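Shown next, in structure tokens, is the structure this report addresses.
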Amino acid sequence: MKAAVIEEAGGDFVVKEVDKPSPSSNEILIKVEACGICHSDNFVKEGGFPGLEYPRIPGHEVVGIIEEVGENVVQWEKGQRVGVGWHGGHCFECEPCRRGDFISCENARVSGISYDGGYAEYMTAPQEAVANIPDELTSAEAAPLLCAGITVFNALRNSGIRAGDIVAVQGIGGLGHLAIQYAAKMGMRTVAVSHSNEKKELASKLGAHEFINTSEKDGAEELQKLGGAKLILATAPHSDAITSIVDGLGIDGKLLMVAATGEPIEVSPMQLLMGRKSAAGWPSGTAIDSEDTLKFSAMTGTKPMIEEYELDDVSEAFQQMMNNKARFRVVLKM
Ligand SMILES: [Zn+2]
Ligand SMILES: [Zn+2]
């Protein structure tokens with residue numbers, strides 16, 4: 001089969017023929033139709049993720065058709081259209097797993113990092129990492145929802161917000177353009193926060209009720225004028241920008257971070273204790289959370305904006321994502 005392989009940390013993509021994988025007893029074999037390119041795939045390209053071994057095929061936004069199932073797989077069958085996201089499997093035995101908290105599994109596997117992912121014509125995945133795809137979504141549309149989509153959908157729905165609450169979405173990019181749609185469709189007064197007017201019209205089309213341009217106005221002050229945000233969902237990995245709107249939180253407001261960055265944000269205890277505010281993070285979710293995300297997306301017509309590329313053009317596609325030029329998610333089609 002054809003696959004895009006990273007042979008060593010810092011190496012380029014090599015598109016070549018490799019052996020088609022075969023599923024072990026608890027795995028399924030997927031004929032890949034589409035795979036999203038996520039910023040976290042850069043861990044594979046540049047190295048640095050614990051336990052990562054080479055050569056490795058990246059890809060954790062995978063949608064395709066089941067071609068074969070292992071002998072112990074009872075839940076899935078040949079011909080179903082399924083997807084695999086970031087959470088690539090769990091052990092069922094560690095303490096978090098025994099508590100049913102599979103996303104926090106101490107031995108959690110990551111698709112396209114712990115094992116080969118979806119930048120290929122075929123991939124295998126453990127049965128517990130697989131999600132059903134609704135008919136309303138094409139494979140290319142569904143792919144980014146398995147990481148970008150589930151991350152913001154799951155963060156929003158578990159944050160404690162209620163219909164009518166003010167939810168600010170910081171950043172209008174791969175995650176933010178989905179978060180605006182979900183928040184609006186969940187019934188929130190949705191505020192898009194950006195550093196230029198470039199995406200103002202788009203934010204409104206996506207469902208945002210308000211737009212704040214932080215290069216013209218103080219974001220925190222503007223949020224306070226609206227009544228204070230119950231939730232600020234930080235989706236763009238710019239710690240300065242996140243820091244600058246913390247004071248936009250209302251009483252019991254929560255700053256919830258899904259933007260994956262190692263750069264510290266700055267929040268003083270005083271900023272949080274008056275008004276019982278909090279700062280927290282949220283990881284993506286498990287396969288059943290992916291299914292919930294996909295069903296909600298199908299029900300509400302929430303779709304990612306995507307740019308499609310052939311597998312042969314993976315280097316160009318990856319660069320488009322890394323340069324932050326994509327509007328908004330890049331998807332490889334097999
Ligand atoms: Zn991802
Ligand atoms: Zn576990």
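The values are calculated or read from the model by the stated rules, or taken from the named source; none is laboratory data. The structure presented is a predicted model; accordingly, all values stated were derived computationally and were not measured. Because the Cβ atoms are built from the backbone with ideal geometry, glycine has one as well, and the counts that use them run over all protein chains shown. In case anyone asks, the SASA skips ligands and DNA or RNA and just uses the protein heavy atoms, side chains included. Shrake-Rupley method; radii C 1.70, N 1.55, O 1.52, S 1.80 Å.
Pairing each residue of segment 191-207 that is more than 21 Å from ALA220 (Cβ to Cβ) with any residue that is open to solvent by 20 Å² or more (accessible area, probe 1.4 Å), provided the two are 6+ apart or on different chains, yields C-beta distances under 7 Å for SER204/PHE211; GLY207/ALA184; GLY207/LYS185. Residues in segment 105-129 that are within 9 Å of ligand 2 (Cβ to nearest atom) and either under 20 Å from ASP41 (Cα atoms) or buried (at least 22 other Cβ atoms within 10 Å of the Cβ) (or both): ASN107, ALA108. Any chance segment 54-66 includes a residue that's of a type in the set (Asp, Glu) and open to solvent by 30 Å² or more (accessible area, probe 1.4 Å)? The answer is no, given that none of the residues of segment 54-66 is of a type in the set (Asp, Glu) and open to solvent by 30 Å² or more (accessible area, probe 1.4 Å).
For segment 35-53, enumerate the residues that are surrounded by fewer than 20 Cβ atoms within 10 Å (Cβ to Cβ) and more than 12 Å from the chain's Cα centre (by Cα).
Selection gives ASN42, LYS45, GLU46, GLY47, GLY48, PHE49, PRO50, GLY51, LEU52, GLU53.
Listed by position, the helices (runs of 4 or more DSSP H) enclosed by segment 218-309 that each have at least 2 residues that are polar (S, T, N, Q), over 23 Å from HIS87 (Cβ atoms) and open to solvent by less than 50 Å² (accessible area, probe 1.4 Å) are 239-244. The residues in segment 310-323 that are open to solvent by less than 30 Å² (accessible area, probe 1.4 Å) and small (Gly, Ala, Ser) can be counted, and the count is 1.
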